[in-house]
Amino acid sequence: MGRKLEFSREKALHTAMESFWAHGYEQTSMRDLAEQLGLHLGSVYNALGDKEKVFEAALRLNFEEEVLPQVRRLQEAPDALKALANSITIVADECTGVTQAHGCFLVNSLLEVAHINDNITKLVHGYLKQVEDIVTLTVERAQKAGQIKPGRDARKLAQSIMAVKFNMRTLAKLKMPNEMIRNICDTALEALAA
C-alpha cells in the first residue's frame, strides 16, 4: 500500500509559487520543491506533474490571488485617476525599497521564460491581456469623469501604464538608481493627467 500524501495541493502550489517567485524558473528544481514539501521527488511529480505544469499552476495561483485582486481594485475605486496613479506609485515604491516586495511574478516569469517556453509565454500573455483590459476600462472611467482627456486612446494609455510598470520593475532588477525609477514614475504621473 502506497504512502498517503500528507499535503494539500493548494499548500504545495503556494510553496511552489513562493519558490519560483523568489528564485525563478531556471533556479528552482523539482528536487528543491520536493525538499521544501518534505516529500520524495516521485510523489511531487505524481501529485503536481512536471516542472512546467507546476510552474503554470503557480502562475495561475499568483494571478488569481495577487494580480486580479489588485487590478479589480482599479475597477472598484471611486476615483479612477487616483487609482491608476496609485498603481504606478505602488510599483515605484516596491522598486525603490520604500515597501517590501520581490517584484511581479508575472513580469519576472515573462522576462525569464519567454525565450525558452512558448506555452508559459502564451499563458502569461493571456494574463497580461486581462490586466490590460481592466486598466483600459479604468482609463475610460477616468475619461468619463473628466479626469483624462476623452480624445486620448484608452487602450494605448493602458498599455503605456503597463509599460511604465514593467520598465520600473526591469530597471529595479538591473539595480539601476532609485532616482531613475522615481523620475520615470513622476513623468508617467504627469503624462497621465495631461
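The values are calculated or read from the model by the stated rules, or taken from the named source; none is laboratory data. Since this is a predicted model, take the numbers as computed values, not measurements. All Cβ positions, even for glycine, are placed from backbone atoms using ideal geometry, and neighbour counts span all protein chains on display. Ligands, DNA and RNA are excluded from the accessible area calculation, which covers all protein heavy atoms including side chains. Shrake-Rupley method; radii C 1.70, N 1.55, O 1.52, S 1.80 Å.
Looking at the structure I just gave you, is Glu179 out of contact with any strand residue (DSSP E or B) (no Cβ under 9 Å at 6 or more places or on another chain), assigned to a helix (DSSP H, G or I), without any contact (Cβ under 8 Å) to a residue 24 or more places away in the chain and open to solvent by 80 Å² or more (accessible area, probe 1.4 Å)? Answer is yes for this residue. All told, Glu35 falls short of being out of contact with any Ser or Thr (no Cβ under 8 Å at 6 or more places or on another chain), in contact (Cβ under 8 Å) with a residue 24 or more places away in the chain and either in a loop (DSSP other than H, G, I, E, B) or open to solvent by 20 Å² or more (accessible area, probe 1.4 Å) (or both). Does Leu137 qualify as being modelled with pLDDT of 85 or more and either open to solvent by 50 Å² or more (accessible area, probe 1.4 Å) or not aromatic (Phe, Trp, Tyr) (or both)? Spelling it out, Leu137 is indeed modelled with pLDDT of 85 or more and either open to solvent by 50 Å² or more (accessible area, probe 1.4 Å) or not aromatic (Phe, Trp, Tyr) (or both). Taking the criterion of being among the small types (Gly, Ala, Ser) and either more than 28 Å from Arg152 (Cβ to Cβ) or at pLDDT 90 or above (or both), the residues of the stretch 173-194 that qualify are Ala188, Ala191.
Taking the conditions (1) open to solvent by less than 50 Å² (accessible area, probe 1.4 Å); (2) over 17 Å from Cys104 (Cα atoms); (3) in contact with a Leu (Cβ under 6 Å, 6 or more places away or on another chain) in turn, Gln143 satisfies each one other than (3). Selection of the stretch 119-156 for residues being within 12 Å of Ala80 (Cβ to Cβ) and outside any loop (DSSP other than H, G, I, E, B) yields Ile134, Val135, Thr136, Leu137, Thr138, Val139, Glu140, Arg141, Ala142, Gln143, Lys144, Ala154. I'd like the full set of residues that are among the hydrophobic types (A, V, I, L, M, F, W, C) and more than 17 Å from Thr28 (Cβ to Cβ), limited to the stretch 124-145. The answer is Leu128, Val131, Ile134, Val135, Leu137, Val139, Ala142, Ala145.
Residues in the stretch 80-94 that are of a type in the set (S, T, N, Q) and within 21 Å of Gly146 (Cα to Cα): Asn86, Ser87. For the stretch 77-118, filtering for residues that are modelled with pLDDT under 90, open to solvent by less than 40 Å² (accessible area, probe 1.4 Å) and in a loop (DSSP other than H, G, I, E, B) leaves 3.
Being at pLDDT below 90, open to solvent by 40 Å² or more (accessible area, probe 1.4 Å), part of a helix (DSSP H, G or I) and under 16 Å from Lys173 (Cβ atoms): is that true of Ala22 here? Here the answer is yes, as Ala22 does meet what is asked.
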